[in-house]
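Read through the structure below, which is laid out as structure tokens, and then see the notes.
Every number in this text was worked out from the coordinates using simple rules, so none of it is lab data. Source: prediction; values computed, not measured. All Cβ positions, even for glycine, are placed from backbone atoms using ideal geometry, and neighbour counts span all protein chains on display.
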Amino acid sequence: MMGYGAAQAWLPIPADPIERGDSLVGDWKVSRTIIDYLTGATYRFTGEVIVTQDAFIEHGTMRVDS
């Protein structure tokens, strides 16, 4: 476990870096919950990611839960 929270792996990650990069190329739907432990605020992000060999573009909506 690192930092302030735990990460969950949703896909098996290959050991070979070249294979790992190739396996992620494409369009993805994403959602995540971000918790600010200092203030107690919870943020929810949903959107899409486009992954290429060189970069990724992520766009979506972030909402603050009260």
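A full extension of the chain between Thr52 and Leu38 corresponds to an added length of 1.5 nm, given 0.36 nm per residue minus the alpha carbon distance.
For Glu48, the shell of other residues with beta-carbons less than 14 Å away shows a net charge of 0, using +1 for Lys and Arg and -1 for Asp and Glu.
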